[in-house]
2 protein chains.
Amino acid sequence: MPKSKRLMELMMTVNRKRRFKVQELADEFGVSTRTILRDLQELSELGVPLYSEVGPHGGYQVVRERVLPPIAFTEEEAVAMFFAVHALRHYSSLPFEAESASALSKFYLHMPGDVRDRIDGMKDRVDFITPTRRGDAPCLAILLDAAVHRKVLAVEYESKEKEAGSRRIQPVCIYANNGFWYCTAYCFLRQGFRVFRCDRIREAAYDMSGTEPLDLGDVSLSRRGAAEPREPIRLRVELSRSGVQRCEAELWLAPMLHVREDGSGAIDKDVSRGDIPFYTEFFIGLGDEAILEGPAELKDAIRRRLNELLARYL
Amino acid sequence: MPKSKRLMELMMTVNRKRRFKVQELADEFGVSTRTILRDLQELSELGVPLYSEVGPHGGYQVVRERVLPPIAFTEEEAVAMFFAVHALRHYSSLPFEAESASALSKFYLHMPGDVRDRIDGMKDRVDFITPTRRGDAPCLAILLDAAVHRKVLAVEYESKEKEAGSRRIQPVCIYANNGFWYCTAYCFLRQGFRVFRCDRIREAAYDMSGTEPLDLGDVSLSRRGAAEPREPIRLRVELSRSGVQRCEAELWLAPMLHVREDGSGAIDKDVSRGDIPFYTEFFIGLGDEAILEGPAELKDAIRRRLNELLARYL
DNA sequence: GAGTTTATGACAGAATGTGTCACCATTATA
DNA sequence: TATAATGGTGACACATTCTGTCATAAACTC
């Protein structure tokens with residue numbers, strides 16, 4: 001086997017078995033231990049972080065982070081990846097440590113000069129914006145780990161209402177939306193699934209009280225939302241052009257929106273009666289851009305609400 | 001020079017100069033043409049897409065997309081990059097073609113089995129959510145190109161008010177926010193900078209009328225927003241705990257927010273008089289969570305607005 | 001047809017890689 | 001304290017691979 005190939009395979013092998021002895025590899029590759037030692041030194045020079053200990057039970061280890069076999073990307077792929085990772089800088093917290101920054105600089109440094117120039121030209125001209133929030137979420141990593149390995153966590157959570165309280169949860173998934181990190185989890189306190197905002201989780205630790213984790217195998221990111229409305233009532237609204245554009249920006253509304261040729265639109269869908277307080281606020285916000293045709297119940301609610309507000313501003 | 005190093009440098013060189021002749025490289029590396037030929041064949045086998053033509057004016061070319069020198073990432077870096085690129089799938093349009101998908105699969109395929117398992121375990125449990133919108137923006141690539149190379153475009157734009165109209169613009173930058181792509185550009189029609197929503201740009205083509213591009217060198221992403229308020233008036237608001245949380249979610253508001261120990265908060269900042277209509281809507285939306293203390297002008301505006309709305313719902 | 005350029009094979013000599021051996025250092029454990 | 005396990009290094013002869021040279025071919029331009 002040519003040396004170059006052996007080195008590649010050696011790198012793979014070494015990454016797979018994080019601990020190994022020289023003799024082991026020598027047998028595996030059919031070369032002498034001296035050769036393996038020389039090869040390992042070369043790998044080391046190439047950046048694989050090897051560490052060795054002498055003596056019985058000693059041996060080699062791939063220390064810290066393992067290095068993955070090098071991947072060759074095309075220029076376009078590299079550019080796309082660069083900006084994807086670049087977008088992560090908007091997040092003050094990430095479930096991975098600071099690795100995205102190092103990946104970015106690694107990318108940048110490895111590019112031939114002209115590709116680097118191209119990226120430089122684009123860097124100030126393309127962006128994926130995410131609102132930057134103040135509070136960071138220090139416990140993303142542990143939440144993610146718990147979600148992956150089905151562990152129960154004891155957390156201190158500051159909910160909307162209360163100051164702070166401790167509860168046991170079993171995370172299902174975490175996701176970033178609009179600059180905040182959320183974690184859907186089974187809450188043993190409330191006996192059901194809840195969404196927690198991660199920056200309000202003050203502390204998180206693996207639960208030691210022996211609470212049995214649930215089998216949440218089929219619950220995951222893909223199963224959010226989309227419930228049938230309960231106690232349906234008919235919502236009918238006429239929208240101006242601007243009204244349509246403002247509704248399009250509302251994610252939850254977009255699916256029920258009917259847009260006409262001329263840009264105006266309408267909503268005509270069953271919604272839950274329980275959501276009336278929510279719609280009340282929303283249609284007050286839309287102002288002149290929406291003409292509410294029904295239900296009367298919602299109209300009443302809006303009228304009452306407007307009067308209440310008016311009273312506050314006298 | 002050891003062969004392995006020569007091959008690496010050869011790959012770089014070959015990628016830099018997309019066209020070259022064997023003799024050229026032989027001189028550059030101080031080896032014979034025969035050796036270079038053998039090396040090029042090896043590069044070829046390693047995946048570099050080389051193409052050669054014999055005869056005068058012939059020579060070698062790197063065909064299709066060039067392959068960048070392989071980069072070795074650590075496991076954590078790779079995972080972070082995987083999810084960064086994974087997040088791009090929420091965008092129906094991107095300024096780069098389908099490269100993010102191929103980058104993703106390349107990543108996935110090159111991972112040793114256990115890292116792949118790790119990613120599989122996390123794939124359904126972490127996400128960066130971006131609202132998915134209907135309209136895609138077909139002209140992102142040309143907008144970006146125009147921004148980078150300072151070109152003037154002739155576009156068909158459907159603005160909020162009008163059906164559609166053609167105008168000449170010179171893009172400055174493009175950015176994705178909340179699921180929409182926007183393009184800030186100098187508009188030769190309006191003689192000033194405007195923000196265009198890219199999915200409303202029906203058509204875009206390089207301008208042929210000979211409009212002279214402007215030198216927008218110093219205008220870029222970094223200089224958005226942050227203007228001093230004109231005609232400042234003092235905005236003073238008292239916020240409940242929930243009020244604070246809702247304000248934190250508003251990007252433009254977060255910097256002026258003062259949060260107290262107990263979770264409640266206040267706003268006390270100069271704002272532009274011209275923004276009163278905007279604040280009117282906003283504080284109506286906040287309802288009971290905010291107590292507006294001033295200015296009187298804004299209170300009046302809110303009262304008037306509430307009365308108008310009430311009239312619509314009688 | 002003359003000139004340019006890639007393509008391939010053969011082979012000797014040069015360069016590099018490999019195995020063996022000798023020896024050292026460190027450490028766990030009997 | 002002795003012993004065995006383990007990595008680390010240098011020297012040197014031997015093996016293998018790599019490289020240059022040469023011959024030859026084929027494709028193409030002018």
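Considering segment A:232-260 alone, what residues qualify as being modelled with pLDDT of 75 or more, over 19 Å from A:I284 (Cα atoms) and open to solvent by 60 Å² or more (accessible area, probe 1.4 Å)?
A:P232, A:H258, A:R260
Considering each residue of segment A:282-303, count those that are surrounded by fewer than 16 Cβ atoms within 10 Å (Cβ to Cβ), within 10 Å of another protein chain (Cβ to nearest Cβ) and among the charged types (D, E, K, R), and give that number.
Summing the residues that are surrounded by fewer than 16 Cβ atoms within 10 Å (Cβ to Cβ), within 10 Å of another protein chain (Cβ to nearest Cβ) and among the charged types (D, E, K, R) in segment A:282-303 gives 2.
Which members of segment B:78-87 meet the condition of being open to solvent by 10 Å² or more (accessible area, probe 1.4 Å) and facing another protein chain (nearest Cβ under 8 Å)?
Answer for segment B:78-87, where residues must be open to solvent by 10 Å² or more (accessible area, probe 1.4 Å) and facing another protein chain (nearest Cβ under 8 Å): just B:A87.
Is there any pair linking a residue in segment A:52-64 that is farther than 14 Å from A:N15 by Cα to one that is near DNA strand D (Cβ under 6 Å from one of its atoms) and of a type in the set (D, E, K, R), with Cβ under 6 Å and at least six apart or on different chains, and which?
Between residues of segment A:52-64 that are farther than 14 Å from A:N15 by Cα and residues that are near DNA strand D (Cβ under 6 Å from one of its atoms) and of a type in the set (D, E, K, R), the close pairs are A:G59/A:K21.
Show the residue pairs meeting these rules: Cβ distance below 8 Å; 6+ apart or different chains; first residue within segment B:119-131 and more than 7 Å from chain A (Cβ to nearest Cβ) and surrounded by 16 or more Cβ atoms within 10 Å (Cβ to Cβ); second residue in a loop (DSSP other than H, G, I, E, B) and hydroxyl-bearing (S, T, Y).
Correct list of pairs: B:T130/B:Y91.
Kindly indicate which of B:E24, B:E99, B:E53 is more than 30 Å from B:I119 (Cβ to Cβ), surrounded by 15 or more Cβ atoms within 10 Å (Cβ to Cβ) and outside the structural domain of B:Y182 (by TED's automatic domain parsing).
On the way: B:E99 fails: more than 30 Å from B:I119 (Cβ to Cβ); B:E53 fails: surrounded by 15 or more Cβ atoms within 10 Å (Cβ to Cβ).
Being more than 30 Å from B:I119 (Cβ to Cβ), surrounded by 15 or more Cβ atoms within 10 Å (Cβ to Cβ) and outside the structural domain of B:Y182 (by TED's automatic domain parsing) holds for just one of B:E24, B:E99, B:E53, which is B:E24.
Go through A:G225, A:G287, A:G217, A:G263 for me and flag whichever is assigned to a helix (DSSP H, G or I) and modelled with pLDDT under 80. Working first, answer last.
Details: A:G225 fails: assigned to a helix (DSSP H, G or I); A:G217 fails: assigned to a helix (DSSP H, G or I); A:G263 fails: assigned to a helix (DSSP H, G or I).
None of the others qualify; the one that does is A:G287.
Any idea which residue in segment B:89-142 is nearest to B:C183 (Cα to Cα), counting only those that are touching a Ser or Thr at 6+ places or on another chain (Cβ under 6 Å) and modelled with pLDDT under 85?
To start, the set of residues in segment B:89-142 that are touching a Ser or Thr at 6+ places or on another chain (Cβ under 6 Å) comprises B:90, B:124, B:136-137, B:140.
This time we only want the ones that are modelled with pLDDT under 85, so: B:90, B:124, B:136-137.
Values: B:H90: 19, B:D124: 32, B:D136: 14, B:A137: 11 Å.
Filtering first and then ranking leaves B:A137.
Any idea how many residues of segment B:40-57 are part of a loop (DSSP other than H, G, I, E, B) and either small (G, A, S) or more than 6 Å from DNA strand C (Cβ to nearest atom) (or both)?
Of all residues in segment B:40-57, those part of a loop (DSSP other than H, G, I, E, B) come to B:46-49, B:54-57.
If we keep only those that are either small (G, A, S) or more than 6 Å from DNA strand C (Cβ to nearest atom) (or both) too, we end up with B:46-49, B:55, B:57.
Selection size over segment B:40-57: 6.
Does B:V14 satisfy the criteria of being open to solvent by less than 60 Å² (accessible area, probe 1.4 Å), within 14 Å of chain A (Cβ to nearest Cβ) and touching a residue at least 24 places away in the same chain (Cβ under 8 Å)? Working first, answer last.
On the way: open to solvent by less than 60 Å² (accessible area, probe 1.4 Å): yes; within 14 Å of chain A (Cβ to nearest Cβ): yes; touching a residue at least 24 places away in the same chain (Cβ under 8 Å): yes.
Here the answer is yes, as B:V14 does meet what is asked.
Among the numbered conditions (1) within 14 Å of another protein chain (Cβ to nearest Cβ); (2) more than 13 Å from DNA strand C (Cβ to nearest atom), tell me where A:E24 comes up short.
(1)
Restricting attention to segment B:27-50, and to residues there that are within 16 Å of DNA strand D (Cβ to nearest atom), within 14 Å of chain A (Cβ to nearest Cβ) and open to solvent by 10 Å² or more (accessible area, probe 1.4 Å), which single residue is modelled with the lowest pLDDT?
Here is the first cut: in segment B:27-50, the residues within 16 Å of DNA strand D (Cβ to nearest atom) are B:27-46.
Remaining after also requiring within 14 Å of chain A (Cβ to nearest Cβ): B:38-39, B:41-46.
From what's left, open to solvent by 10 Å² or more (accessible area, probe 1.4 Å): B:38, B:41-42, B:44-46.
Working: B:R38: 92, B:Q41: 89, B:E42: 87, B:S44: 86, B:E45: 82, B:L46: 78.
My answer is B:L46.
Among the listed residues A:E156, A:E97, identify the single one that is over 30 Å from B:P49 (Cα atoms), in a loop (DSSP other than H, G, I, E, B) and of a type outside the set (A, V, I, L, M). Quick ask: steps written out before the conclusion?
Details: A:E156 fails: in a loop (DSSP other than H, G, I, E, B).
That would be A:E97, the only listed residue that is over 30 Å from B:P49 (Cα atoms), in a loop (DSSP other than H, G, I, E, B) and of a type outside the set (A, V, I, L, M).
So which of B:V31, B:V14 is within 23 Å of B:H57 (Cα to Cα), more than 10 Å from DNA strand C (Cβ to nearest atom) and not in a helix (DSSP H, G or I)? Talk me through it step by step, then tell me what you get.
On the way: B:V14 fails: not in a helix (DSSP H, G or I).
Every option except B:V31 fails the conditions.
All but one of (1) in a loop (DSSP other than H, G, I, E, B); (2) facing chain A (nearest Cβ under 7 Å); (3) farther than 14 Å from A:F73 by Cα; (4) open to solvent by less than 40 Å² (accessible area, probe 1.4 Å) hold for B:P69; which doesn't?
Looking at each condition in turn, B:P69 falls short on (3).
The values are calculated or read from the model by the stated rules, or taken from the named source; none is laboratory data. Remember, it's a predicted structure, so these values are computed and weren't measured experimentally. Note that each Cβ is placed from the backbone with ideal geometry, even for glycine, and that neighbours are counted across all protein chains shown. Calculation scope for accessible area: heavy atoms of the full protein, side chains included, ligands and nucleic acids excluded. Shrake-Rupley method; radii C 1.70, N 1.55, O 1.52, S 1.80 Å.
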